[in-house]
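J.: Before I ask anything, here is the structure I am working with.
The values are calculated or read from the model by the stated rules, or taken from the named source; none is laboratory data. Computed from a predicted model, the values in this text were never measured in an experiment. Note that we place each Cβ from the backbone using ideal geometry, even for glycine, and neighbour counts take in every protein chain shown.
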Amino acid sequence: MKPLKHGLLLIPLALTACSHQNDYSPAPDANGEQIFKQVCSDCHKPDANGIIYTLKKEQANTDYIRKQIKQGSFMMPKFPNMPDEAIKKVSQFVLAHSKTN
């Protein structure tokens, strides 16, 4: 019974993860790699070959990545204050370091 009780205590913590946002805004001269390392790499780690993601074909574009950054997802915070130019830079970095299946 105790494991169930402890598991139930984690539910509110998990639910708050999906509603959070990050107010990060990079320096205007930051490049995509710098932005990624400052704000993304805590959760998104490259593999041994430097690949960050394996993206589906329909996800391998800057529009998809921009939407993920602006809206977030269940575990990823949204970044509503990130300027479009910064999103473009980090999106290009992510695409250059991802593979498509």
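J.: From the set of residues in segment 62-95 that are touching a strand residue (DSSP E or B) at 6+ places or on another chain (Cβ under 9 Å) and not in a helix (DSSP H, G or I), which is farthest from residue 24 (Cα to Cα)?
T.: 72
J.: Another question, then. Which residue pairs have Cβ atoms under 6 Å apart, sit 6 or more places apart or on different chains, and have a first residue in segment 33-47 that is assigned to a loop (DSSP other than H, G, I, E, B) and a second that is surrounded by 14 or more Cβ atoms within 10 Å (Cβ to Cβ) and not polar (S, T, N, Q)?
T.: 44/52; 46/52
J.: Next up: Name every residue in segment 68-83 that is more than 14 Å from residue 43 (Cα to Cα), surrounded by fewer than 19 Cβ atoms within 10 Å (Cβ to Cβ) and touching a helix residue (DSSP H, G or I) at 6+ places or on another chain (Cβ under 8 Å), in order of residue number.
T.: Scanning segment 68-83 gives 70, 80.
J.: Here's another thing I want to ask about it. Among the numbered criteria (1) at pLDDT 85 or above; (2) surrounded by 10 or more Cβ atoms within 10 Å (Cβ to Cβ); (3) touching a strand residue (DSSP E or B) at 6+ places or on another chain (Cβ under 6 Å), which one does residue 21 miss?
T.: Of everything listed in (1) at pLDDT 85 or above; (2) surrounded by 10 or more Cβ atoms within 10 Å (Cβ to Cβ); (3) touching a strand residue (DSSP E or B) at 6+ places or on another chain (Cβ under 6 Å), residue 21 misses just condition (1).
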